[in-house]
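Report on the structure given below.
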């Protein structure tokens, strides 16, 4: 994906002398001042606005310079999204006129860059009190109406609470996130685009181009990535950590598929410890391990069902085994329970067991996902949250029910992922001789 450079607001840049030989023609104005104002407006949306003179005192406004093929492809995208007029077109070198002296001077005047401004009696120009703090900013959205911009700011703050609102030259308004170190801004721009948190036309802008603050927001805690990208940890470990975090529901197969890549991008953006995927995934794995220790996870090998899972045994204690079921109740008032079930059979036996789970209220008002060889039930009430998951494997219907306090929803979801990922058979079921069909046990 092409990265945008530092945006130059209303920068009327000359085309002459540039290596690339095509621009996207979006507008033409008669007269220098009209062209300058129009370029300022387009500069609030794009960071590569250029102008060049036409016959009869007209000035063309475009985007570029670009490779001709790149220009055509970009024009198609911009037209499809409604970001440029429908009659915009690509102009190549033979159709471009050389810039006039006005154009070069207007560029410096319109840019407002303090570095190019003349000094007054040897003293550098001082920033206004409401000017942007030094650094780079992620430009999230530009709007022409202040009321629309203020509404959009509140929407953006749902995902980026530090975002601010800025008044730009040309009557536009920008929602931006910053300030950031310039390298960090570029890295996080790419990371947030990859996760879908930012649109493809978002870009970075330095403080000199930010206009004045209406609501500057706060500097986000977005550290720069490492000088060299860190290698990804083993993908099966990454997938387990991603499932634990709630961003992955695919197979734990150690393969680099589209689901895994999408989940990594989503977690990099959510975790915000580093824009580098390898660094962020190692941090996620470390966080998961710390949580596992805090929850007291250990390997439970249940002799009655022959099943093994990673379970929070600090909060559970064995209660009883009844035919196809092995029941672990709350320990020390934890409010938790775990039921393992296993019996010979196929899809019908799995459905019968899921019906029993529902009838006993272990999963209240469940939402059901039923597939061939797999059943998932999830539900909650004021007291607890529950998840039941079962499979048909090697001629058996087997699975688990996790019951957890309602106030600990995040831990419940993570524990369910741990149970699902670690669920396996370690021995024949001792309860097979007594279990030709599930009994109706009492509640745990």
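Every number here is computed from the coordinates shown, using simple stated rules; none is lab data. The model shown is predicted, which means the values in this text are computed figures rather than measured ones. Counting neighbours? That spans all protein chains shown, and the Cβs are built from the backbone with ideal geometry, glycine included.
How big is the shadow of the Cα convex hull of the range 136-215, averaged over all directions, in nm²?
Working: hull surface 19.0 nm².
Quarter of the Cα hull surface area: 4.7 nm².
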Worksheet, complete the sentence: Volume per residue (Å³) of the convex hull spanned by the alpha carbons of the range 346-404 is 56
Worksheet entry | Compactness of the range 255-323 - radius of gyration and Dmax, Cα, Å | 17.4, 51
Worksheet, complete the sentence: Two pseudo-spin positions, 7 Å from Cα along C-beta at residue 151 and at residue 214, lie apart in nanometres by 1.3
Worksheet item: Whole number please: convex hull volume per residue of the Cα set in the range 199-286, in Å³?
Response: 135
Response to the item:
At R0 = 35 Å the Cβ-Cβ FRET efficiency linking residue 73 and residue 221, nearest 0.05, sits at 0.45
Worksheet entry | the range 235-294 - Rg (one decimal) and Dmax (whole number), Cα, Å | 10.5, 32
Worksheet entry | Percent of Cα-Cα distances greater than 25 Å, calculated over the range 296-434 | 18
Item to complete: Take peptides 395-405, 352-362, 246-256 and line them up by average Cβ neighbours within 10 Å, highest first, as a rough protection proxy.
Response: 395-405, 352-362, 246-256
